[in-house]
Every structure is written in structure tokens, then in C-alpha cells.
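Student: Please read through the structure below; I'll follow up with questions.
The values are calculated or read from the model by the stated rules, or taken from the named source; none is laboratory data. Note that this is a predicted model, so its numbers are computed, not measured. Every residue, glycine as well, gets a Cβ built from its backbone with ideal geometry; the counts of neighbours run over all protein chains shown. These area figures cover heavy atoms from the full protein model, side chains too; ligands, DNA and RNA do not enter into them. Shrake-Rupley method; radii C 1.70, N 1.55, O 1.52, S 1.80 Å.
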Amino acid sequence: MGFTGGEPFLYPEFLSAVSKEAVELGYRFDRIMTNGGWFKSQKDLEQTLLRVLSAGFNGMFCVSADDFHKVPVAKLARFIITIVQMTGRVDRVSLVYVNYIYKVRKLARFLSGRISGMRRLVVPPRQDFPGLSAKITKIDLCPVDRAGFLASPWSKQWFKEDYCQGPGQVLYVCPNGEVKPCCGFASDLPEMSIGNIYRHKAQDIIRKAQADPFIKTIYNQGLLTLKKMYEQYHPEEKLRPTHNHCFLCWYLQKKGVRKCL
């Protein structure tokens, strides 16, 4: 059981209620994704965290440390320090950033820590703080729709085919009830809708996903199979390498690869 958003901590009553139910059902917890800057005061921060922890949540707190979330470094540090102090664990926090790591570097300097091998933020213990060992994860966001100002997603090598077996194994429900077979950027496309929770049963949604030739090919043969198919129909366009499979998925659909199926 994990929580993402939006900002999950805008609804702490939801976090605590679902966490309590998850404990009773025997679920294991993954993480809460957060911008780390939602709290209004130290008291607000401590009371909200206590509410969630008391409900039984014992997973990770993953902080987005990048410019997409306009949170001051000092506030990020306060959030992290409070979690460590309240849980007594130096490994309950992880960090994620989009494209550029410089805000994580600023956070490391603010906490008097260091980045170890670009994979972990390590802060040594001191008298008022037991220390920190936080895993760092990079997300390569590509120029899709509103992210169009970012650097080009075309790179020097192709991604390693994973058949979308990681984040792809979900039924992603949008606020309007539309269901998508993944949580990638290409899921914004209307072609990726496989049903609506207000109009369709779960069995029907799954059957539609299984029958969709685009989705079926990705899951059974891999996204690079669609790349080869597209190039066969369009020999004039040799696709350049990209390390971002979400971008390629979006690009192929925008270019009409579904017509090749």
C-alpha cells in the first residue's frame, strides 16, 4: 500500500483511515510521496505525522526534491529531520528528483551531509539528530505536453526493454473515472483509456485492455516491437535512441502507430 498524488498530506484523515484499514487487512506499506513542504508550522507537521504513524503506517516517506515543487530547502530539511526524530529511524526517508540533482546537493549541504555515489544522501549523527541515510532516485521527465520546455528526450542509447512490468502493472484511475493501464505520461492520451469506473465493471475493463492491440503488444512483446513495426511502415523515419520508454510510447501513438496494428 502506497500513496502518491497530488499531495497526500493535504488529506491526512484519508491517509490515517486507509493506513489503519490496511494494517487490519495485513497489507505491507510502500511509501508516501510528498513535496515535503505542505505543513504550516512545526506543530502542524508533528501532529499530522503522529496521526499517520499512530494509524500503523510504517513505510517510507519519499520527498520530491526538485524545482517542480517550489519548497525551500530549509523546509525540506525540517520535514526530514522531524520524520527521523519521530520514528527514530535513519532510513525512513528517500529522495526523488526530476532531471537535475542540484536541489538535492543544496539539501545535503544544508544538512551538513554528503551524497554517496549519487545514490544516497548520508548525514552523520550529531547530538540532536541521529543521522540520515536516504536513497536518491532520478526520474527522467521528457518533453510531453506541459513538460515541453525540458531537454530533448532523444539520447545516445535505447532503454532496456522491461515490457512495462514495473509501474505498468496497475489500473490507474483518473479523477473523472477514466481507467488507464499505466501511470506513464502516455496515459494522458485518450487512446489509452480502457474504461470508466462509473460505467464499466472491473472484468470488462480488464478484457478491453487485453483486447487492445497496442497494449497487448507492449505487455506481451515489448515497446521496442512497436518501434520496429512503425519503422517498417515508415522507412523514411529512423527513430533516434531514447532512454525514456514513456516518451517513446507517447511519440509512437501521436505518430499513428495504432494504424499499423
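Student: Quick check: anything in the stretch 89-101 over 30 Å from residue 185 (Cβ atoms) and either at pLDDT 95 or above or open to solvent by less than 10 Å² (accessible area, probe 1.4 Å) (or both)?
Tutor: The initial filter retains those residues of the stretch 89-101 that are over 30 Å from residue 185 (Cβ atoms), namely 89-91.
Remaining after also requiring either at pLDDT 95 or above or open to solvent by less than 10 Å² (accessible area, probe 1.4 Å) (or both): none.
Checked against the condition, which is being over 30 Å from residue 185 (Cβ atoms) and either at pLDDT 95 or above or open to solvent by less than 10 Å² (accessible area, probe 1.4 Å) (or both), the stretch 89-101 yields no hits at all.
Student: Restricting to the stretch 25-57, name every residue that is at negative phi, open to solvent by less than 80 Å² (accessible area, probe 1.4 Å), out of contact with any Ser or Thr (no Cβ under 7 Å at 6 or more places or on another chain) and in a loop (DSSP other than H, G, I, E, B).
Tutor: The answer is 29, 37, 38, 41.
Student: Here is a further query. Does residue 222 qualify as being within 16 Å of residue 161 (Cβ to Cβ) and open to solvent by less than 80 Å² (accessible area, probe 1.4 Å)?
Tutor: Yes, satisfied.
Student: So which residues in the stretch 190-219 are crowded, with 16+ Cβ neighbours inside 10 Å and of a type outside the set (Ser, Thr, Tyr), if there are any at all?
Tutor: Within the stretch 190-219, 192, 194, 195, 200, 205, 206, 208, 209, 212, 214, 215, 218 meet the criteria.
Student: Within the stretch 202-261, count every residue that is in a loop (DSSP other than H, G, I, E, B) and farther than 21 Å from residue 190 by Cβ.
Tutor: Of the stretch 202-261, the ones in a loop (DSSP other than H, G, I, E, B) are 212, 221-222, 234-241, 243-244, 255-256, 261.
This time we only want the ones that are farther than 21 Å from residue 190 by Cβ, so: 221-222, 234-241, 243-244.
Residues meeting the conditions: 12.
Student: Next question. Pairs only if they're at least six apart or on different chains, beta carbon under 6 angstrom, first in the stretch 220-235 and farther than 14 Å from residue 256 by Cα, second of a type in the set (A, V, I, L, M, F, W, C) and open to solvent by 30 Å² or more (accessible area, probe 1.4 Å); list them, first residue then second.
Tutor: From the stretch 220-235, no pairs qualify.
Student: Can you go through 91, 66, 162 and tell me which one is assigned to a loop (DSSP other than H, G, I, E, B) and in contact with a Lys or Arg (Cβ under 6 Å, 6 or more places away or on another chain)?
Tutor: Only one candidate qualifies: 66.
Student: For the list (1) without any contact (Cβ under 8 Å) to a residue 24 or more places away in the chain; (2) in a loop (DSSP other than H, G, I, E, B); (3) in contact with a strand residue (DSSP E or B) (Cβ under 6 Å, 6 or more places away or on another chain), I need the number of the one condition that residue 187 fails.
Tutor: (2)
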